[in-house]
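One structure below.
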Amino acid sequence: MKRRLFSSALFAAGTVLSTSIAWAQAALFKSGKDYLTLERPLPTEVDKGKIEVIEFFWYSCPHCNMFEPSFAQWVKTAPKDVVVRRIPVAFREDFAPQQRLFFTLEAMNLLDSLHAKVFVAVHAEKQALNTDASILAWVEKQGVDKAKFSEIYKSFGVASKLKRAVQLQNDYKIEGVPSLGVAGRFYLDGTLAGSMDRALKVAESLIAQTRQAR
């Protein structure tokens with residue numbers, strides 16, 4: 001969803017292209033049209049030889065909800081040298097509880113079991129999950145230790161991750177979600193690429209270019 005009005009095409013499952021195919025398609029993808037090249041490359045948080053892909057998202061965004069199954073499948077089949085990170089955005093202060101929710105689930109190693117369920121709770125079950133109280137009540141119903149969750153949720157470590165997330169979204173100049181950052185050098189979203197399905201193909205070509213450049 002855009003900070004302003006965000007329109008998006010329907011999302012379809014993306015498939016990982018081979019390096020050769022990605023390079024063949026690269027000629028079809030143009031900087032400034034299908035994706036943006038950052039003026040200043042950003043540092044990444046991955047080991048040398050790895051390529052970072054960041055998905056910027058918001059749990060309450062309907063477009064992120066539509067994209068999640070496709071992206072989750074893409075992550076499962078991503079090349080071994082690709083490290084995927086998810087970063088929840090905060091366009092306003094009231095986004096912060098859902099950021100805390102994500103980073104607390106991450107700290108408790110619960111993303112695999114509960115990340116997708118948050119989308120279901122918000123979009124299918126119509127639970128807002130946008131306040132501390134509603135989030136704590138929801139996680140308790142999922143069988144999570146409420147006291148432990150609350151401690152981490154309010155921790156300095158999670159607060160630091162919120163600040164880093166906001167810094168990243170500002171560095172990438174995020175205007176809407178879902179969107180992708182690749183290798184600290186490229187930004188793309190459904191508006192630029194035409195759809196998030198095509199955005200994944202653009203990302204694959206940028207991954208291939210990054211790999212080849214090394």
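Looking only at residues in segment 49-92 that are without any contact (Cβ under 8 Å) to a residue 24 or more places away in the chain and within 30 Å of Gln212 (Cα to Cα), the one that is surrounded by the most Cβ atoms within 10 Å (Cβ to Cβ) is Val75.
For Ala121, the test of being in a loop (DSSP other than H, G, I, E, B), small (Gly, Ala, Ser), more than 26 Å from Asp47 (Cβ to Cβ) and open to solvent by less than 70 Å² (accessible area, probe 1.4 Å) is failed.
Criterion applied to Ser150, Ser179, Ser134, Ser155 was being of a type in the set (S, T, N, Q), at pLDDT 95 or above and closer than 25 Å to Ala78 by Cα, and the one residue passing it is Ser179. May I ask you to list the residues in segment 126-157 that are assigned to a loop (DSSP other than H, G, I, E, B), open to solvent by 40 Å² or more (accessible area, probe 1.4 Å) and more than 20 Å from Ser113 (Cβ to Cβ)? Correct list: Lys126, Ala128, Asn130, Thr131, Lys154.
Evaluate segment 87-96: report whether one residue or more is part of a strand (DSSP E or B), under 12 Å from the mean Cα position of the chain (by Cα) and modelled with pLDDT of 95 or more. Within segment 87-96 (the criterion being part of a strand (DSSP E or B), under 12 Å from the mean Cα position of the chain (by Cα) and modelled with pLDDT of 95 or more), the answer is yes, since at least one residue qualifies.
Scan segment 170-196 for residues that are part of a helix (DSSP H, G or I) and within 14 Å of the chain's Cα centre (by Cα) and report the count. The total comes to 2.
Would you mention how many residues in segment 52-86 are of a type in the set (Phe, Trp, Tyr), within 20 Å of Leu200 (Cβ to Cβ) and part of a loop (DSSP other than H, G, I, E, B)? Residues in segment 52-86 being of a type in the set (Phe, Trp, Tyr), within 20 Å of Leu200 (Cβ to Cβ) and part of a loop (DSSP other than H, G, I, E, B): 1 in total.
Suppose we keep only residues that are of a type outside the set (Phe, Trp, Tyr) and within 10 Å of Tyr59 (Cα to Cα) within segment 102-116. Which one would you say is least open to solvent (accessible area, probe 1.4 Å)?
Once the filter is applied, the top-ranked residue is His115.
Every residue, every condition in (1) surrounded by fewer than 20 Cβ atoms within 10 Å (Cβ to Cβ); (2) touching a His at 6+ places or on another chain (Cβ under 8 Å), yes or no:
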| site | (1), (2) |
| --- | --- |
| Pro178 | no, yes |
| Phe186 | no, no |
| Gly194 | yes, no |
| Leu200 | no, no |
| Ala203 | no, no |
| Ile207 | no, no |
| Arg211 | yes, no |
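The values are calculated or read from the model by the stated rules, or taken from the named source; none is laboratory data. The structure presented is a predicted model; accordingly, all values stated were derived computationally and were not measured. So basically every Cβ, Gly included, is an ideal-geometry build from the backbone, and we count neighbours across all protein chains shown. To get the accessible areas, we keep the full protein, side chains included, count just its heavy atoms, and leave off ligands, DNA and RNA. Shrake-Rupley method; radii C 1.70, N 1.55, O 1.52, S 1.80 Å.
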